[in-house]
Protein chains: 2
Amino acid sequence: MIVALAGGVGGAKLILGLSQALPPDGLTAIVNTADDLKLHGLLVCPDLDTVLYTLADIADPVQGWGVASDTTEALQMLKRYGHTPWFRLGDRDLATHLLRRALLDDGKTLTQVTASLSQALGLQAKILPMTDDRVETRVRTQGREIPFQEYFVAQKAEIPIEAVRFEGIETARPTAEVLKTLAGAKAIIFCPSNPLVSIGPILALPGMREALQRAPGRKVAVSPLVRGKALKGPAARMMQELGEEASALAVARRYVDWVEIFVLDEQDQELRDPIRSLGLEVLVTDTIMNTLEDKARLAREILDYVFTSRGQGQK
Amino acid sequence: MIVALAGGVGGAKLILGLSQALPPDGLTAIVNTADDLKLHGLLVCPDLDTVLYTLADIADPVQGWGVASDTTEALQMLKRYGHTPWFRLGDRDLATHLLRRALLDDGKTLTQVTASLSQALGLQAKILPMTDDRVETRVRTQGREIPFQEYFVAQKAEIPIEAVRFEGIETARPTAEVLKTLAGAKAIIFCPSNPLVSIGPILALPGMREALQRAPGRKVAVSPLVRGKALKGPAARMMQELGEEASALAVARRYVDWVEIFVLDEQDQELRDPIRSLGLEVLVTDTIMNTLEDKARLAREILDYVFTSRGQGQK
């Protein structure tokens, strides 16, 4: 079993690549839920749904969440009622949130609900929320604290942030399914997701450090930054605002205690040696994933490296 | 204040007519909620919404509930998840249910929620649910009991019924707003709605008989049956199956203790004398409401009768 830790769009791309490169039941994604938001009584899980929709080949490729070519009739009607949600919800996407709400109300866990949804869409890869407990990423900005999604979507990540905090993380726990999956993982891949707010909450769950340390598989992180920029999302900007350099090297420093292998884009070649100096093996390759082929190729290169080069000269 | 008691489509037609014939704030509709159903965690209120949508000029004229020309993207997606609801919910209609759910979750009563929705749609007539308590119409059919909506929508009212029961009616109460409205009503009009399952639950609420008896306004019932048939819905069939004649006369018998005036369609002229013999005044007129003009005309005729002919020769 190969395990991928992921947030939304960037992570989902590599997960799709991995699903192409691995046998149908050989992949489990452990997905950030700290971006989840309650909206009109529904629980919206942007990262889980992006992974779900990406694997089902119905993801909106532009917006970063939701279903491709979705309509917004319900949203228009909500506007007519004077309740314009700041978070754009398409009609087909709404069905996911409605069904999730109904299943949660029936007493199912988010893990069970996610399994139902992905089975119904015919997926064979497993998608696990990082926790069934409620964690909420909040950012401090201009003297007040707001939920991450409000910063990211309503404010378009255009206001400076001063801190990031995961509300509820102290009492949240990784699920039994997450712990079991990690214990049996042949490799654990940190997808090219935002290190602060996508991978960050997963790693911040109490017990996660020990679970990853005990996990027998090699751990690999794929840089979400190329030439100091994120392909999608505010990772670079957030890192800078929090006083870090926005670079693959800074990402590698964040992950140095967690992984053995770092996957660096070939455009960042000059960072190979500095990252090696941190004590990490470095795989340099093209990490840009535009086409399905790109995704599968990157996934295969990572898997090949993990399973053939252990302890070899590439370090 | 003129008060209309109503269920769905037939009642909403006359309410629309009354809204044309009265000053903007001169009309209050008290609407059946015993057909309400829970669906995917939402509370669907077909009668309240039919009145709401009809007054807002967005009602689906064919289906009998929901918004005209609505799309069904969310429904299609629910089907993809293997959860085909038996109750057709359009996307714009969904917005109503979502907002209602959210407002109820915020602690608002159904009365407050309904007021919010109708204000947002710019309505001036007041729409009141008959109760804020949960009442559920259930029908016994073929040895088992099912919710009314399942009989009406999923079974298309094509199976014979043996009994009708209003689950929860003993502990439900008319709201304070309903009681206050009745106490100040200049006239109370029983709309041409199903006497068994639309007007029936309103009248069956504990305290309703006394409230109507105390109400100073004259009470008028409009026959929902013409030539023994309902223009919409299963009223005629249900009455027959429960051992009653399906006729305006049988409707008049049901209402004889409740109203003083009965509005009979001109096609049923021969029933005027039998209904008078019950002790009711009878207004014979064209009760078929196809166009907006028809609706306004019927409303005006009823109002004229109530306010000009009290105790006069027409009885």
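The values are calculated or read from the model by the stated rules, or taken from the named source; none is laboratory data. It should be emphasised that the depicted structure is a prediction, and the values quoted were computed from it without experimental measurement. Neighbour counts are summed over all protein chains in view; Cβ atoms, including those assigned to glycine, are modelled from backbone coordinates with ideal geometry. Just so you know, the surface numbers come from the protein's heavy atoms only, side chains and all, with ligands and any DNA or RNA stripped out. Shrake-Rupley method; radii C 1.70, N 1.55, O 1.52, S 1.80 Å.
Sorted shortest first, the distances from the B:D286 label point to those of the same residue in the other copies are 7.6 nm; each point sits 7 Å from Cα along Cα-to-Cβ.
Considering only chain B, the C-beta nearest to the rotation axis that sends B to A is found at B:D91, 2, the distance in whole Å. Computed over chain A, the P(r) tail beyond 26 angstrom holds 43 percent of alpha carbon pairs.
With the convex hull of the Cα atoms taken as the outline of segment B:195-315, the averaged projected area works out to 7.7 nm².
With a cut-off of 8 Å between alpha carbons and a minimum separation of six or more residues, what is the relative contact order of segment B:180-315 in percent? Relative contact order here is 20 percent.
Can you tell me the dipole magnitude for the protein assembly as shown around its Cα centre, using point charges on the Cβ only (Lys, Arg +1; Asp, Glu -1), in Debye to the nearest 20?
For this selection, approximately 540 debye.
Each copy carries A:T109; placing its label point 7 Å along the C-beta direction from Cα gives inter-copy distances of 4.1 nm, listed from smallest up. Probing with 1.4 Å while keeping every protein chain in the model, the per residue accessible area of segment B:122-269 equals 41 Å².
Only one residue of A:G122, A:P160, B:T291 has its Cα farthest out toward the positive end of the dipole of the protein assembly as shown, where Lys and Arg carry +1 and Asp and Glu -1 on Cβ, and that residue is A:P160.
Between A:D294 and A:Q119, what length in nm is gained on full extension when 0.36 nm per residue of separation is reduced by their alpha carbon distance?
Working: separation 175, 0.36 × 175 = 63.00 nm, distance 2.61 nm.
Going from the current span to full extension adds 60.4 nm.
With all pairs of different C-alpha atoms in the average, the Kirkwood value for the hydrodynamic radius of segment A:37-117 is 13.1 Å. Here is the tail figure for segment A:1-136: Cα pairs spaced more than 18 Å apart come to 53 percent of all pairs. Which of the three applies to segment B:92-136, rounded, prolate or oblate, going by the alpha-carbon gyration tensor with a ≥ b ≥ c and a/c under 1.5 meaning rounded? Note, shape of segment B:92-136 comes out oblate. When chains A and B come together, the accessible area they lose, probed at 1.4 Å and totalled over both chains, is close to 2600 Å².
Under a Cβ-only charge scheme (Lys and Arg +1, Asp and Glu -1), can you give me the dipole magnitude of segment B:1-103 about the Cα centre, in debye to the nearest 20?
Dipole size: approximately 300 debye.
Of the solvent-accessible surface of chain A, computed with a 1.4 Å probe and all protein chains present, 46% belongs to carbon and sulfur. Each Lys and Arg contributes +1 and each Asp and Glu -1, all at the Cβ; summed about the Cα centre of segment B:164-238, the dipole is approximately 360 debye.
Working note: Cα atoms of the protein assembly as shown, range along each principal axis, descending, whole Å: 109, 52, 39.
Per-peptide packing, taken as the mean over residues of other Cβ atoms within 10 Å, places A:33-43, A:273-283, A:87-97 in the sequence A:87-97, A:33-43, A:273-283 from highest down. Rounded to the nearest 5, what % of DSSP beta bridges with both residues in segment A:94-244 are antiparallel? Close to 75 percent.
Across chain B, C-alpha contacts under 8 Å between residues 6 or more apart give a mean separation that, scaled by the residue count, equals a relative contact order of 20 percent. Calculation over all alpha carbon pairs of segment A:135-186 in 5 angstrom steps from 0 returns a P(r) of 5, 18, 21, 14, 11, 11, 11, 8, 2 percent. Pairs of Cα atoms nearer than 8 Å and 6+ residues apart set the relative contact order; for segment A:1-145 it is 27 percent.
The separation of segment B:106-131 from segment A:161-185, counted between C-alpha centres, amounts to 42 Å. Stokes-Einstein diffusion for segment B:209-272, with the hydrodynamic radius set to the Kirkwood value over Cα pairs and evaluated at 20 °C in a medium of 1.002 mPa s, equals 172 µm²/s. Taking a point 7 Å from the Cα of B:I159 along the Cα-to-Cβ direction, none of the residues of segment B:65-102 has its backbone N closer than 11 Å to it.
Expressed to the nearest 5 percent, the antiparallel share of DSSP beta bridges inside chain B is 40 percent. Taking segment A:121-208 on its own, what percent of its Cα-Cα pair distances exceed 21 Å? Above the 21 Å cut-off, segment A:121-208 has 40 percent of its Cα pairs. Look at where the Cα atoms of segment B:197-247 and of segment B:27-55 average out, and the two centres are 18 Å apart.
Taking chain A as the reference, fit the longest principal axis to its C-alpha atoms, fit the long axis of helix A:46-55 to the helix C-alpha atoms, and give the angle between the two in degrees, 0 to 90, nearest 10. Here the helix axis deviates by roughly 70 degrees.
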